Amino acid sequence: MWAGIGFLRLITLLPWKAQRVLGGYIGRFAFLFLTERRRVVRINLGLCFPELQKRERMQLAKRHYEAVGIGAFETCMAWWARPERIPEYQFVGLEILEKFQKEGRGVILFTAHFTTLEICGRMFSDTMPMGGLYRDPDNPVVAWLMHRGRIDKMSVAVPMDDLRGLIRGLKKGHTIWYAPDQSKKGKKGAFTSVLPFFGVPARTNTAMSRIAKMSGAAVVPFFAQRLEDGGYRLEIFPELEDFPSDDEDQDAIRANHLIEENIRKVPEQYFWIHRRFKKRGEDLPDVYKK
C-alpha cells in the first residue's frame, strides 16, 4: 500500500497535461476490465438518459471512465501538490460567500458528487475557509492519508453521522460542503424518501431542509467543471430563496433538479459508478440485480 502511494506521489511531479492524458488512458483501460462497475454505469445512464441512443450512451460511459481516471490523478494533486502546481481555475460568485462570512452566517455549500470533487475541494480551501463531512475509510493507511490530504485542511471537520456537530458548525458561521445526492441511511434510517432523480424514483436524502431550518444557515449551490483546456470553473450560485419550506420532500426534489441541471452541463463528470437507484423499497425493482 505504501509503495503504491509513493508511486502516486511521484506521478504528481509530472506536468499536469501529462497527468490528464495518463489518467484518461487508465480510465479507458478500467472501462475494459472493470465489468461490474461498467454494468452499473450502463444501467444508470440508461435510466437517466433514455433519449440517447445506445451508441451515444456507450460513448458517454467511456468518457465517464476517462473522467474517473483523471479524477484519480486530481486526488493526488489535491492531497500532495504544492500550491504553485495546482492547475489554473476560475471562481465565479465568490462575493456571495464573502458576504455571508462578513455577516458571520453559516452556509450549507450545497453540491453533488462529481469526479472533480477532490481537486476542486483543494482549490476552494486554498481560496477561503471551508468545512465538510467525513467518514474514515476502513483501510488505516487511506484514513491517515485522507486526514493529511483533505480533512486537516478543513475549517471544521464533522463525522458523517454527527448531525449535532454539523449544526453547531453552521451556527458558528462555518461554510460546510454538503452533497445530498448519495443517500446513506443513518443509524435510525431517518431523513430519506424515494423521490425522482432524472424522473426515476431514487432513495433521496431529505436532511438538508431540516439542517437549514435548525441552524439558520443559508443554502448556497456550488458546482464545478473540468474544462477542455485543462483548467477548472468553480461557480457559486445565489442563496436558494424560500428554502427551507414546510415540505422536506419538495425541498429535496428542488435540490435534485438543480443537481440534474448541472450534471447535464458535463454529464461524463458525474459519479455514475455509484449505485444511485439502490434500496428503493420492496415496491420498486432492484435495477442492479443480475
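Of everything in the range 46-64, what is in contact with an Asp or Glu (Cβ under 9 Å, 6 or more places away or on another chain) and within 18 Å of His113 (Cβ to Cβ)? Give them in sequence order.
Cys48, Phe49, Leu60, Ala61, Arg63, His64
Checking the structure you have, find out if any residue of the range 109-127 is loosely packed, with under 14 Cβ neighbours inside 10 Å and either touching a His at 6+ places or on another chain (Cβ under 6 Å) or touching a residue at least 12 places away in the same chain (Cβ under 8 Å) (or both).
Looking for residues that are loosely packed, with under 14 Cβ neighbours inside 10 Å and either touching a His at 6+ places or on another chain (Cβ under 6 Å) or touching a residue at least 12 places away in the same chain (Cβ under 8 Å) (or both), one finds at least one in the range 109-127, hence yes.
Based on what the data block shows, is Asp152 at pLDDT below 95, within 19 Å of the chain's Cα centre (by Cα) and of a type outside the set (A, V, I, L, M)?
The answer is yes for Asp152.
Tell me whether the range 8-19 contains one or more residues that are over 24 Å from Tyr89 (Cβ atoms), crowded, with 16+ Cβ neighbours inside 10 Å, out of contact with any strand residue (DSSP E or B) (no Cβ under 7 Å at 6 or more places or on another chain) and not polar (S, T, N, Q).
No, that holds for no residue.
Taking the range 240-256 as the search range and keeping residues that are in contact with a Pro (Cβ under 9 Å, 6 or more places away or on another chain) and in a helix (DSSP H, G or I), which one is surrounded by the fewest Cβ atoms within 10 Å (Cβ to Cβ)?
So, considering only residues that are in contact with a Pro (Cβ under 9 Å, 6 or more places away or on another chain) and in a helix (DSSP H, G or I), the one surrounded by the fewest Cβ atoms within 10 Å (Cβ to Cβ) is Ile253.
Please give the number of the condition Pro137 fails out of (1) part of a helix (DSSP H, G or I); (2) without any contact (Cβ under 8 Å) to a residue 60 or more places away in the chain; (3) under 29 Å from Ile273 (Cβ atoms).
(1)
Could you pull out the residue among Thr127, Thr115, Thr75 that is β-branched (Val, Ile, Thr), under 21 Å from Tyr178 (Cα atoms), within 18 Å of the chain's Cα centre (by Cα) and at pLDDT below 95?
Thr75
Of the residues Leu45, Leu60, which single one is closer than 23 Å to Cys120 by Cα and in contact with a helix residue (DSSP H, G or I) (Cβ under 8 Å, 6 or more places away or on another chain)?
After ruling out the rest, the residue left standing is Leu60.
The values are calculated or read from the model by the stated rules, or taken from the named source; none is laboratory data. Please read these numbers as outputs of a predicted model, since none were measured by experiment. Counting neighbours? That spans all protein chains shown, and the Cβs are built from the backbone with ideal geometry, glycine included.
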